[in-house]
1. What nm distance separates the two modelled labels at ASP293 and HIS412, each placed 7 Å from Cα along Cα→Cβ?
2. Relative contact order for the stretch 205-264: what percent, with Cα pairs under 8 Å and sequence separation of 6 or more?
3. Can you tell me which aspartates and glutamates have their Cα less than 14 Å from the Cα of LYS42? Leave out same-chain residues fewer than eight positions away.
4. To make sure I understand the rule: partners must be aspartates and glutamates, Cα under 14 Å from the Cα of LYS410, and not fewer than 8 residues away in the same chain. Which ones qualify?
5. Can you compute the radius of gyration and Dmax for the stretch 68-131, using only the Cα atoms, both in Å?
6. Where nothing but the Cβ of Lys and Arg (+1) and of Asp and Glu (-1) is charged, how large is the charge dipole of the stretch 205-264 around its Cα centre, in debye to the nearest 20?
7. Of GLY356, GLY282, GLY388, which has the largest mean-square fluctuation in a 10 Å C-alpha GNM of the chain?
8. 7 Å from Cα along Cα→Cβ at both GLU68 and ASN345: what's the point-to-point distance in nm?
Amino acid sequence: TTDPAHRINVPAAKMSLQPGDMGEFQAWIEARNAVADDPEAKQSDGLVFPRRRLFGDYVASLLKPLLEEGAVCHRRARVIAVERHAGRWTILDDNGGVTEADIVAIATSHPPPAAPGRLAASLSDHPRFIADTTKPGALDVIRPHDRVLIIGNGLTAADVIASLAQRGHDGPITAISRRGLRSRGHAPVPQPLFGDFIPDAARSAGFLLASIRAAISAAQAQGISWHGVLDQVRAQGHDLWQALPVAERRRLVRHLRPYWDVHRFRIAPQVEAVLDAAIAAGRLNILAGSVADARIDGEFILCELQPRHQRQLLEERYDAVVVTTGPAHGGILETQPWLAALAANGHLSLDPTGLGLACTERSEAIGPSGTADPSLLISGPLARGTFGELMGLPQITEHAFFVASEIAGKLHATAANRQPV
């Protein structure tokens, strides 16, 4: 993103593409004085929360030499088909290109958000109904004084509110989500990891929740905030997830995921300050509930809101409605025709938790028959149904290294088998 209001949500010192060198991004910034034109990036405690586009520049700088020397070939095209023929994969793209491969890794990251079907049908013709904020210029249609309804209240909602503030928007904003939970901020000072959940790994979502609550109470008695406990849960997340039966994973996702998300996915201090100021000024109202119905009323959008634990509907009129419900991982197969075709041909299936694509603990894709395909791997957030915490660094980079090592092992084994005896 090139939006100057969008910042990385963790300090630069904890962002790196190298799991063995977590300070690499921070060092990269310092070596280039890369935040010289961004005085708000550095906090009083020395932590740096740069604009998100700077992290993109850092990633590009690491890939550049690999591209220049030909170790990596980047084809800028949209995949339209992935087919299996005679033991090999053929990838067709919209530029007419054909790529042949022995091994394919699906690393498409997040699918786009999915607006509730009824809303999408009712409001699709309104010029200020924004169903996907990731599209460039999506917020350009919102005027400075517009009354805005934001559906969802996580990191994407925070980004939208910060972006609107950056553009001078001063109209009222309502952010509605089922539980009315807002993304938390970072601790005032760094907190040590606290707790150890692996020796007595929970076999149920309820037991895990009780263990975390007990650890938070013990941490508070020692002057450590909940941040240190949740960071430890995140660090041990893979082992904790593996210990849970599938039924308990689904239960956790259904009941506890919203609470995990708002504590785990913390917002940058600069964005938190924007939200705090908007709430203090009475311009931002966070509401627990849902949108019961909506329709176009002239140039306005008339919404019926159902507040949580209340029977009475609220009827409100807005100038713009923005969907920020997050990636629709459960609908990943419908987002790209080639993914749907792979599923129809028996190569892919949804993970039973609804978090992405089914795969083994070696990241090999599992088809509807339950059989894994060693030549088709899932990398990144779409594999979190199997691996658990795979939504942010360093877990994503660690998983990328794992998948790369799996691929290297497969290629080594193939080469050894081809050698003459």
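1. Between ASP293 and HIS412, the label points sit 6.4 nm apart.
2. Values: 21 pairs, mean separation 24.0, N = 60.
Computed over the stretch 205-264, the figure is 40 percent.
3. Once the sequence-local aspartates and glutamates are set aside, what remains near LYS42 is GLU30.
4. Qualifying aspartates and glutamates at Cα under 14 Å: ASP102, GLU364, ASP373.
5. 18.1, 52
6. Working: 8 positive and 4 negative charges, 53 e Å.
So the dipole magnitude of the stretch 205-264 works out to roughly 260 debye.
7. Greatest mean-square fluctuation among the candidates belongs to GLY282.
8. 3.8 nm
Computed from the coordinates by the stated procedures, all read-outs in this text should not be read as laboratory data. Since the model is a prediction, treat every value here as computed from it, not as a measurement. With ideal geometry, Cβ positions are generated from the backbone for all residues, glycine too; neighbour counts draw on all protein chains shown.
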